[in-house]
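Worksheet: one structure, shown below.
The values are calculated or read from the model by the stated rules, or taken from the named source; none is laboratory data. These numbers come from a predicted model, not from an experiment. Neighbour counts run over all protein chains shown; Cβ positions are idealised from the backbone, glycine included. Surface areas here come from the heavy atoms of the whole protein model, side chains and all, with no ligands, DNA or RNA. Shrake-Rupley method; radii C 1.70, N 1.55, O 1.52, S 1.80 Å.
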Amino acid sequence: MRTLILAILGIATAAAVLVLQGPSPEAGKASSHREAPLIAEDPSADTTDLYAFRSLDAPNHLTVLANWIPAEDPAAGPNWYRFSQRARYLIHVDRTGDGKPDVSYRFRFKNREDTLFLGNTVQDYTVTRVMGKSEIMVARGVTPPNNIGPRSTPNYRQLAENSVTNLAGGGKVFAGQREDAFFADIGAIFDLVAIRKGVGNMGGGKDFFAGYAVHGIALQIPISQLDDSDHIVGVWATTERPRVKIREFRRNGVRRYHEERQWVQVSRLGNPLINEVIIPTRLKDKWNSLSPSKDAQFEQYYRAPILAAVINQLYSLGVPETNRDDLVAVLLTGVPGLNFTGPTLADMLRINLSIPPTASPNRLGVFAGDTAGFPNGRRLEDDVVDIAERAVAGKLKGHPAGDLLGDGVDGNDVPTLGSFPYENDPPSGFDNRKGEQKP
């Protein structure tokens, strides 16, 4: 018996599967969410942002938002963006600090039949809660359509509200197109950390995510289902694609073939900006394929971050380039007294469930004394780019640059919603502000 491998093994499946999927809209060139070479070729599997927080309107729940598909142009018809029905989308929660999931929520999507010449963007989906070997379907839902325009999708806010579904056992879920809540001047950042005005702490930046959408999954889970004695959990999101093997064998002299399928992780996201600016390019695809429990092998890139050396080369600020135990604590173990999960090095978005939500969030989170914000979880209002730049510049080591650096973009271009699913409605394709009005 011999085995024929018909699909590229491991993480390379992300690129190979595109042949099977057929055409889909290209990811926009403006997005920094394209954090690794292979996943940049597979936008419907690309995890762009992850948020975890307690909200004022539902303080007894943990809200987790995860986004996929970077830089969706609102007018990308007739084949608009959708979740892939050939992928599995997952949100994981670690309660023990070992970097392995204790409970996962797995999403599968199914397309509806297209109408006329226009793609049907409504999808049916299932949510399965996985705990060890136990798998229980906890919801069946329907996404709202993409926000195409006033004729196709009138009263879009109501369409989105109608798509919120209850989870069996408590909580609720939403999946569908959302406004991209991430804000950053990535046009400047990726031009060798350029700053448009001063040192970036007095505005002057350009929000390159304004006017773009993503596809988001929102979960609201009762804290009572997750809490334990230390009240701290770690959260991350992943995407999986099928890997196919064809085994050839003979029976009664006749050549036969048997197909075997395995699911392979092709995308991962915990803390923001890790794969973009911490992990070197040659390891980005590998990092995407691994569990957080395997992250000890990347510790050197946290202790001696490439970005710190770049900042010094460009701006001669003298920020510490080595022995960055502060970054290891913030990003790999959690901070003692705040959200420490133990000695296991694992990239997870850690949140202390005993810390109540803040009525007036400060965009700089913990750095501004607001312990309900990043890096204790992440809220939609948290300015993770400024926080990350200041952390790398030595904020926690008392370096003066740690109080100055930023990208000049201090908030999103549209407000967040005050209720679930919190991310605002996506921009309308008809009203797409990226178009040029002609006289």
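Pairs linking a residue in the range 40-55 that is of a type in the set (Lys, Arg) to a residue that is assigned to a helix (DSSP H, G or I), with Cβ atoms under 9 Å and 6 or more positions apart or on different chains, are ARG54/ILE223.
The residue that is most open to solvent (accessible area, probe 1.4 Å), among those in the range 260-297 that are free of Cβ contacts under 8 Å to residues at least 40 places away in the same chain and in a helix (DSSP H, G or I), is ARG282. For the range 380-388, the count of residues that are assigned to a loop (DSSP other than H, G, I, E, B) and β-branched (Val, Ile, Thr) is zero. Is the range 429-436 home to any residue that is open to solvent by less than 10 Å² (accessible area, probe 1.4 Å) and hydrophobic (A, V, I, L, M, F, W, C)? No, the range 429-436 contains no residue that is open to solvent by less than 10 Å² (accessible area, probe 1.4 Å) and hydrophobic (A, V, I, L, M, F, W, C).
For the range 316-340, which positions are surrounded by 16 or more Cβ atoms within 10 Å (Cβ to Cβ) and β-branched (Val, Ile, Thr)? Scanning the range 316-340 gives VAL319, VAL330, THR333, VAL335.
Conditions (1) under 23 Å from SER428 (Cβ atoms); (2) open to solvent by 10 Å² or more (accessible area, probe 1.4 Å); (3) of a type in the set (A, V, I, L, M), marked per residue:
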position: TYR81; (1), (2), (3): yes, yes, no
position: TYR89; (1), (2), (3): no, no, no
position: HIS92; (1), (2), (3): no, yes, no
position: ARG95; (1), (2), (3): no, yes, no
position: LYS100; (1), (2), (3): no, yes, no
position: TYR105; (1), (2), (3): no, no, no
position: LYS110; (1), (2), (3): no, yes, no
position: GLY119; (1), (2), (3): yes, yes, no
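Under the condition of being charged (D, E, K, R) and closer than 30 Å to LEU90 by Cβ, which residue from the range 169-205 is surrounded by the fewest Cβ atoms within 10 Å (Cβ to Cβ)? By that ranking, first place goes to LYS172. Give the range 298-319 a look and list any residue that's in a loop (DSSP other than H, G, I, E, B) and touching a helix residue (DSSP H, G or I) at 6+ places or on another chain (Cβ under 6 Å), or say none. Result: PRO305, LEU317, VAL319.
From the list PRO361, PRO375, PRO343, PRO357, exactly one residue is in contact with a Gly (Cβ under 9 Å, 6 or more places away or on another chain), assigned to a loop (DSSP other than H, G, I, E, B) and open to solvent by less than 50 Å² (accessible area, probe 1.4 Å). Which is it? Within the list PRO361, PRO375, PRO343, PRO357, the selection yields PRO375. Within the range 300-320, residues that are more than 12 Å from VAL277 (Cβ to Cβ) reach partners that are loosely packed, with under 15 Cβ neighbours inside 10 Å with beta carbons closer than 6 Å, at six or more positions or on different chains, in the pairs ALA304/THR322.
Residues in the range 121-143 that are open to solvent by 50 Å² or more (accessible area, probe 1.4 Å) and outside any strand (DSSP E or B): GLY132, LYS133. Filtering the range 389-423 to residues that are outside any loop (DSSP other than H, G, I, E, B) and under 22 Å from the mean Cα position of the chain (by Cα) leaves GLU389, ARG390, ALA391, VAL392.
Of everything in the range 38-70 that is at pLDDT below 95, in contact with a helix residue (DSSP H, G or I) (Cβ under 6 Å, 6 or more places away or on another chain) and open to solvent by 10 Å² or more (accessible area, probe 1.4 Å), the residue that is farthest from PHE209 (Cα to Cα) is LEU38. Selection of the range 116-130 for residues being aromatic (Phe, Trp, Tyr) and either touching a Leu at 6+ places or on another chain (Cβ under 9 Å) or modelled with pLDDT under 95 (or both) yields only PHE117. Just one of the listed residues (ASN166, ASN155) is polar (S, T, N, Q), open to solvent by 10 Å² or more (accessible area, probe 1.4 Å) and out of contact with any Lys or Arg (no Cβ under 7 Å at 6 or more places or on another chain), and it is ASN155. Of all residues in the range 146-155, none are basic (Lys, Arg) and touching a strand residue (DSSP E or B) at 6+ places or on another chain (Cβ under 9 Å). Considering the conditions (1) touching a strand residue (DSSP E or B) at 6+ places or on another chain (Cβ under 8 Å); (2) modelled with pLDDT under 85; (3) open to solvent by 10 Å² or more (accessible area, probe 1.4 Å), LEU20 is excluded by exactly one of them, (1).
Taking (1) within 28 Å of ASP347 (Cα to Cα); (2) out of contact with any helix residue (DSSP H, G or I) (no Cβ under 6 Å at 6 or more places or on another chain); (3) β-branched (Val, Ile, Thr) in turn, VAL392 satisfies each apart from (2).
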